[in-house]
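For reference, the structure discussed in these notes is given below.
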Amino acid sequence: MSRKLTGKVALVTGGSRGLGAVIAGTLADQGADIAISYVSSEDKALAVVDKLMAKGVRAIAIKADQGDPTSSDPLIQEVMERLGQLDILVNNAAVAWQGKKIDAPDIDNVAMDKQWTINTIGVISTIRAAARVLPEGGRIISVGSGLGTRIAFPGTTDYAASKAAIVAYSKGAARDLGARNITVNIVQAGMMDTDMAAGSKGHLPPIVMGSHAIQRFAAVEEVASAILYLAGPDAGFITGSVIDVNGGFTA
Ligand SMILES: NC(=O)c1ccc[n+]([C@@H]2O[C@H](COP(=O)([O-])OP(=O)(O)OC[C@H]3O[C@@H](n4cnc5c(N)ncnc54)[C@H](OP(=O)(O)O)[C@@H]3O)[C@@H](O)[C@H]2O)c1
């Protein structure tokens, strides 16, 4: 059976668990060799690598803290050294520190700033590093959030804005890299039952689920399949786009 990504190498940041681990498996199922990054879950990352290798592809895990922008260049260099090329970058790693309004007396602004560094500056520095090595026809896909474009409830300002910034950056990068046929897109995920949303399922205020046309959590596979499409050969003319996989959140 022909596989769409045979001969390609993909880096999935934050591939040790949650959506990132499923994206890595989905791309590997189509024949891509895979690098995943992680910050703390070494055992989980190595378990993901074992599962990827069982699919018959090369797979490696690299520790790289996206909260330290100086780690982006070494991350990309290590992928190049160990896997020989980089064709597809999936910026998946992020944190979601939400729940307090910006005028709450006990809001942790140091944590909010750290969230910006991980979710925005870290993604930008990874895109910059990858842009130097991606070949003609390369792919950059970043995982956003429906909150990046529409905000239906309070307490999420910094997280939402950290994702919104990536939308504008990706549109600019699409312009900058279009001459090399490198596409740059965003997939805005809906709520998924991962560690990031731990304990949320079934316990959200009615306004949250009520703002979705389809009132359920996304399956991680539903989000991963949109990323697979953008990574593949059929999506070469889609760039600077935002694809929502979020059940019609505030549609
Ligand atoms: N879950 C949701 O409801 C939801 C909704 C909309 C959008 N999203 C987006 O979907 C993406 C995946 O989220 P998820 O739910 O799968 O999250 P998750 O289960 O919390 O997993 C986060 C992943 O990111 C990695 N990571 C976190 N901080 C990092 C850092 N400083 N440097 C490098 N890696 C780091 C983690 O590595 P370690 O294991 O080493 O900590 C882990 O692999 C994120 O971009 C998130 O914003 C999620």
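Only the coordinates and a few stated rules stand behind these numbers; no lab work does. The structure presented is a predicted model; accordingly, all values stated were derived computationally and were not measured. Methodologically, a virtual Cβ is constructed for each residue, glycine included, from the backbone with ideal geometry; neighbour enumeration extends over all protein chains shown.
In the range 72-127, how many residues are part of a loop (DSSP other than H, G, I, E, B) and within 22 Å of Asp195 (Cβ to Cβ)?
The number of residues fulfilling the criteria is 10.
How do the pairs read when you match residues in the range 188-207 that are closer than 17 Å to Gly14 by Cα with residues anywhere that are among the charged types (D, E, K, R) and within 6 Å of the ligand (Cβ to nearest atom), using Cβ under 9 Å and keeping only pairs 6 or more apart or on different chains?
From the range 188-207, the pairs are Thr194/Arg17; Asp195/Arg17.
For residues that are part of a strand (DSSP E or B) and under 15 Å from Leu89 (Cα atoms), scanning just the range 164-190, find the one that is farthest from the ligand (Cβ to nearest atom).
Of everything passing the filter in the range 164-190, Thr183 is farthest from the ligand (Cβ to nearest atom).
When you scan the range 184-202, do you find a residue that is more than 22 Å from Gly20 (Cα to Cα) and not acidic (Asp, Glu), even just one?
yes
Within the range 210-223, can one find any residue that is in contact with a Leu (Cβ under 7 Å, 6 or more places away or on another chain) and closer than 22 Å to Ile127 by Cα?
yes
As an exercise: evaluate Pro69 against (1) buried (at least 18 other Cβ atoms within 10 Å of the Cβ); (2) out of contact with any Ser or Thr (no Cβ under 9 Å at 6 or more places or on another chain); (3) more than 16 Å from Ile141 (Cβ to Cβ) and give the number of the one condition it does not meet.
(2)
Within the range 17-51, can you find the residues that are among the hydrophobic types (A, V, I, L, M, F, W, C) and more than 14 Å from the ligand (Cβ to nearest atom)?
Answer for the range 17-51, where residues must be among the hydrophobic types (A, V, I, L, M, F, W, C) and more than 14 Å from the ligand (Cβ to nearest atom): Leu27, Ala28, Ala32.
So which residues in the range 93-139 are closer than 28 Å to Pro233 by Cα and among the hydroxyl-bearing types (Ser, Thr, Tyr), if there are any at all?
Once the filter is applied, which keeps residues that are closer than 28 Å to Pro233 by Cα and among the hydroxyl-bearing types (Ser, Thr, Tyr), the range 93-139 yields Thr120, Ser125, Thr126.
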